[in-house]
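So the structure is just underneath, and the comments pick up after that.
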Amino acid sequence: MRDAVGSFVGWPSDLIFPDAETPTRPTHKVGKGISRRIESVASQKEVPGRKLKSTAKDISTTSGTKSQIMMRLEKMVDESDIMHGAIRSIDFDEGVFGAAHFEIIAKEDMQQLFEHDELGIAVIHTYIWYMYVTLMRGTELCNRFNFIAASRINATLITKNPTSVKNDLVDRFMAAGDNTTPSLYFLPFNSGNGGHWVLVAMDLSRLIVYYLDSLSGDWSKYPSMKKTVDAAIIKFRSKKNYRNRKDITWVRVQCPQQNNSVDCGFFVLRFMRDIIALNRIDIPKMYFEEYKSYSRAHLDEMKDELCQFIVDQRII
C-alpha cells in the first residue's frame, strides 16, 4: 500500500474548519505535482513558547467515546481516496528532524488513531511535527528540544548496520549546533518489527541520558541501543573537540505506566509533550508532580490535538 501512488484533490472550502519506516528524502510532491510543504496556521513570532490549551486539571474524565473533531476527520477519510489505497506524502519543516523529511500517511495510519491501536512511525512522526509547529517553531524552545526520526534510529536498523545508525545520530547532533548549553534530544525508540516504544532523551552538555519506559525494566533490555547511543555521543564530542569530563550517566525515570498492550506509543508522545510544555531539561527521576499517571483522557486529548492538526493542515 505504501508504494501506491496517491492523488491530491483540492478540498472544498465548505469542508475546511479553521477553528477547529521511511528514510529522509528531499522535498517531495504528492499526487499530481502539488507540493505538500505546509506552513503553520499559527504565528511564528511568539516567544518564549506557546502553551497548550489544556492542562492536566482541565482534562475531561470522559473517555471511550469519539470527539467531534475525530468523527469529522474520520468522515473525511471515509469519503477520500485513502480508503481505496491512496496515500498522502507530507513534507515536514526541516527544523523538526534537522534535515528535509517527508512522511507517508495511509489508511492504516489513520485507523491507528481512530481505533486507539498500536502506533506506527507515521503517526509518531506526525504528532512530533504537530508539537514542533504548535509549541516550538519560532521560539527559544527550538534551542532546548530536538527530535530524532524513529525511522533512522531503531532496533531493526541497529541490528543491520550499527555503524551507519551511529553516524546518523552523530549527524543529527551536529545539525543542531554546539550543544554546550543544556538541551534534550528526543529519540522515540522502537524495539523492532512494530514492537515496543520507549523514549530516550539525551542531554549532551551534561552527558545524561534519560530512559522512559511505560513498561517495567530499563535500558538493559536493549543493549545494542545503549551501546549505539553512547558511541554516538562520544564520537560527537570528539568531533567537536569537547573534553569528556565524566562518563555518560543513564537515568531510569519512574514515569507513568501503561495498563494494556497498545499504549506505549501514546505514552512516548505524552512524555515528550509534557516535558516540552513544562520547558524542563532536567527530568526528575520520579517524573513530574503534575503527571504522576496518565488516564485514557490524557491520551484521547492528544488524539484530538492531532485530528485537529490534520484537518487544519488539509492533509487528507
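The values are calculated or read from the model by the stated rules, or taken from the named source; none is laboratory data. If you're wondering where the values come from, they're calculated on a predicted model, not measured in any experiment. When we count neighbours, we look across all protein chains shown, and the Cβ atoms used for this are built from the backbone with ideal geometry, even at glycine. When the accessible area is computed, the model is the full protein with side chains, heavy atoms only, and any ligands, DNA or RNA have been set aside. Shrake-Rupley method; radii C 1.70, N 1.55, O 1.52, S 1.80 Å.
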Can you give the accessible area of Trp219 in Å² (nearest 10), computed on protein heavy atoms with a 1.4 Å probe?
50 Å²
With Asp168 itself left out, Lys, Arg at +1 and Asp, Glu at -1 over residues whose Cβ is under 12 Å from its Cβ give +3
Work out, step by step, the length gained on full extension between Lys240 and Leu215: first 0.36 nm times the residue separation, then minus their alpha carbon distance; give nm to one decimal.
5.4 nm
Per-residue HN-Hα couplings for the range 74-89 [Karplus 6.51, -1.76, 1.60; θ = phi - 60°; Hz; x = Gly/Pro]:
4, 5, 4, 5, 4, 8, 9, 6, 4, 5, 10, x, 6, 10, 10, 10
Suppose every K and R has +1 on its Cβ and every D and E has -1 on its Cβ; what is the size of the dipole of the range 178-316 about the Cα centre, in Debye to the nearest 20?
840 debye
Could you work out the local net charge near Ser67, counting Lys and Arg as +1, Asp and Glu as -1, over the other residues with Cβ closer than 11 Å to its Cβ?
-2
Heavy atoms only, 1.4 Å probe, whole protein assembly: order Glu108, Glu290 by accessible area, highest first.
Glu290, Glu108
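Of the cross-linked pairs Lys166/Lys227; Lys66/Lys107; Lys235/Lys285, which ones have a Cα-Cα span greater than 21 Å in the structure shown?
On the way: Lys166/Lys227 9 Å; Lys66/Lys107 18 Å; Lys235/Lys285 27 Å.
From the list (Lys166/Lys227; Lys66/Lys107; Lys235/Lys285), the Cα-Cα distance tops 21 Å for Lys235/Lys285.
Taking the Cβ of Tyr294 as the centre, find all other residues whose Cβ is under 12 Å away and add up their charges (Lys, Arg: +1; Asp, Glu: -1).
Charge balance near Tyr294 sits at -1.
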Expressed in square angstrom to the nearest 10, the accessible area of Ile121 with a 1.4 Å probe stands at 20 Å²
Residue by residue through the range 274-290, the couplings from Karplus 6.51 cos²θ - 1.76 cosθ + 1.60 with θ = phi - 60°, in Hz, x for Gly and Pro, are 5, 4, 5, 4, 7, 6, 10, 7, 8, 9, x, 4, 9, 6, 8, 4, 5
Need one number: the % of Cα-Cα pairs in the range 224-316 sitting beyond the 16 Å mark.
69 percent
Show me, for the range 112-117, the HN-Hα J-couplings you get by feeding each phi into the Karplus relation (A = 6.51, B = -1.76, C = 1.60, θ = phi - 60°), rounded to Hz, glycine and proline as x.
4, 6, 5, 9, 6, 9
I'd like the accessible area for Leu119: 1.4 Å probe, protein heavy atoms, all chains in place, Å² to the nearest 10.
10 Å²
Check which residues have an amide H placed less than 5 Å from Cys255's amide H, if you skip close sequence neighbours.
Asp213
With a point put 7 Å past each Cα toward its Cβ, work out how far Asn193 is from Asp247 in nm, to one decimal.
3.3 nm
